[in-house]
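Report on the structure given below.
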Amino acid sequence: MTYPASESHPPAANSIVFAAAATSDDGNAREPILATTGISKTFPGVKALQGVDFRLFPGEVHTLMGQNGAGKSTLINVLTGVLAPDSGTIRLAGEVVAFASPQEAEAAGMRTLY
């Protein structure tokens with residue numbers, strides 16, 4: 001779920017909360033460097049991610065917050081090729097990507113840092 005910083009939505013229990021801007025300083029629309037649409041991932045008996053939409057624009061820094069079990073680690077693992085999503089699309093620099101491994105993701109510029 002994406003919640004623009006300009007809007008106030010109470011997050012549902014077990015949700016991931018993002019803040020994102022959709023325009024540049026001069027008011028022009030920008031192309032996200034990373035975008036997800038409808039990302040879902042399930043494990044036996046658990047919907048870890050359900051319809052996650054996210055946009056990251058050049059120069060932005062985001063935090064990923066949520067309760068235990070909200071899907072934070074699962075989303076990062078999907079974005080970096082550790083896990084494949086059950087559904088949805090990942091775009092990196094406008095191109096649809098589907099990483100088969102963390103090495104593929106890293107070669108494309110996606111990496112998890114702890």
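No lab work stands behind these numbers, since they all come straight from the coordinates. Worth saying up front: this structure is predicted, and the values here are computed from it rather than measured. Ideal geometry is used to build each Cβ from the backbone, glycine not excepted, and the neighbour counts take in all protein chains shown.
Data overview
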item	result
Cα lying deepest toward the dipole's positive end in segment 34-114, options Gln50, Gly94, Ile39, charges on Cβ	Gln50
Residue-wise HN-Hα coupling along segment 95-104, computed from phi with Karplus coefficients 6.51, -1.76, 1.60 (Hz; x: Gly, Pro)	9, 5, 10, 8, 7, 8, 7, x, 5, 4
